[in-house]
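The values are calculated or read from the model by the stated rules, or taken from the named source; none is laboratory data. Quantities reported herein were computed from a predicted structural model and do not represent experimental measurements. Heads up, the Cβs are rebuilt from the backbone with ideal geometry, glycines too, and the neighbour counts pull from every protein chain shown. Surface areas here come from the heavy atoms of the whole protein model, side chains and all, with no ligands, DNA or RNA. Shrake-Rupley method; radii C 1.70, N 1.55, O 1.52, S 1.80 Å.
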Amino acid sequence: TVADALGRRLIIARTGYTGESTAFEMFPDRDFTVELCERLVAAGAAPVGLGARDSLRLEAGLPLYGHELGRDIDGHDIPIFANSLATWGVRAHPDEFIGQADLALQRAEYQLIKRNELDTPVNDRRLTHLVQSIAVFDSRKPLRAGYDIFLNGEPVGYVTSGTSVPFAEFEGTGIAAMPSDQHAVRPIGLALIRSDIRYRSDVPIVLEVVDGRGRTSNAELVQKNLW
């Protein structure tokens, strides 16, 4: 939507990149940016940095170019459908376009992986790795892009993005549990992990994460980081 703000053009969109369905993004002209920010702060808005943007997108599992989109750590192209949101972002089109056939094959393969019905050896797949959510439950050590990931001593991928997010601690158990006034911080992230390794609700998938200094910590494969 194009709106008028103080006599200046302002584009307002809801792309959802913050992970919030009620959030909006504003795109002012460059020479109007400072004035707009100052007026928003004067009206009661609180400015935050890109760290807040990053924590929100990681909670929602949204990819960022240069991390989950583009090229991987070895310089190879990351297939679009390595990101689950491609199912919604890549639409079918009646007219032929460059890459259409491969995208269709990626989509079909992703659906089979999702249903656990793909028998193709992982190294022969188009989607050898998928971007998946991980979380740390037994430490506050943050996850960082580039950390290697192992499963049972075997390399299976690496962290593409990582941060730490606040969460409320609960009092009580089961359905009677209620959020308390106590808060803590949990490291979360996204990782490009071998596509034959998937989240399971019955058996936790515990991964070994090795940082740049060779120190090891544990992270768990989770269905999503925002509930």
Legend entry - Unmet criterion (only one of (1) outside any helix (DSSP H, G or I); (2) among the polar types (S, T, N, Q); (3) open to solvent by 30 Å² or more (accessible area, probe 1.4 Å); (4) under 17 Å from residue 197 (Cβ atoms)) for residue 132: (3)
Inset, instruction - Only residues that are touching a residue at least 12 places away in the same chain (Cβ under 8 Å), aliphatic (A, V, I, L, M) and outside any loop (DSSP other than H, G, I, E, B): list them for the stretch 25-72, please. - result: 26, 36, 56, 58, 60, 69
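Only one of 18, 22 is without any contact (Cβ under 8 Å) to a residue 60 or more places away in the chain, outside any helix (DSSP H, G or I), of a type in the set (S, T, N, Q) and open to solvent by 50 Å² or more (accessible area, probe 1.4 Å). Can you tell me which?
Numbers: 18 fails: open to solvent by 50 Å² or more (accessible area, probe 1.4 Å).
Unique residue meeting the criteria: 22.
Limited to the stretch 87-103, what total is found for residues that are outside any helix (DSSP H, G or I) and exposed (fewer than 10 other Cβ atoms within 10 Å of the Cβ)? Give the derivation first.
We begin by selecting, within the stretch 87-103, every residue outside any helix (DSSP H, G or I); these are 90-99.
Within this subset, residues satisfying the condition of being exposed (fewer than 10 other Cβ atoms within 10 Å of the Cβ) are 91-98.
Counting residues in the stretch 87-103 that are outside any helix (DSSP H, G or I) and exposed (fewer than 10 other Cβ atoms within 10 Å of the Cβ) gives 8.
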Inset, instruction - Quick one: count up the residues across the stretch 105-126 that are assigned to a loop (DSSP other than H, G, I, E, B) and acidic (Asp, Glu). - result: 2
Legend entry - Leading residue by the ranking (nearest to residue 130 (Cα to Cα)) among those in the stretch 168-207 that are among the hydrophobic types (A, V, I, L, M, F, W, C) and open to solvent by 60 Å² or more (accessible area, probe 1.4 Å): 206
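Condition check ((1) exposed (fewer than 15 other Cβ atoms within 10 Å of the Cβ); (2) small (Gly, Ala, Ser); (3) touching a Ser or Thr at 6+ places or on another chain (Cβ under 8 Å)) across all residues:
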{"site": "31", "(1), (2), (3)": "yes, no, no"}
{"site": "37", "(1), (2), (3)": "yes, no, no"}
{"site": "48", "(1), (2), (3)": "yes, no, no"}
{"site": "58", "(1), (2), (3)": "no, no, yes"}
{"site": "78", "(1), (2), (3)": "no, no, no"}
{"site": "105", "(1), (2), (3)": "yes, no, no"}
{"site": "122", "(1), (2), (3)": "no, no, yes"}
Legend entry - Candidate set from the stretch 14-44 (those that are under 26 Å from residue 188 (Cβ atoms) and small (Gly, Ala, Ser)); member that is nearest to the chain's Cα centre (by Cα): 19
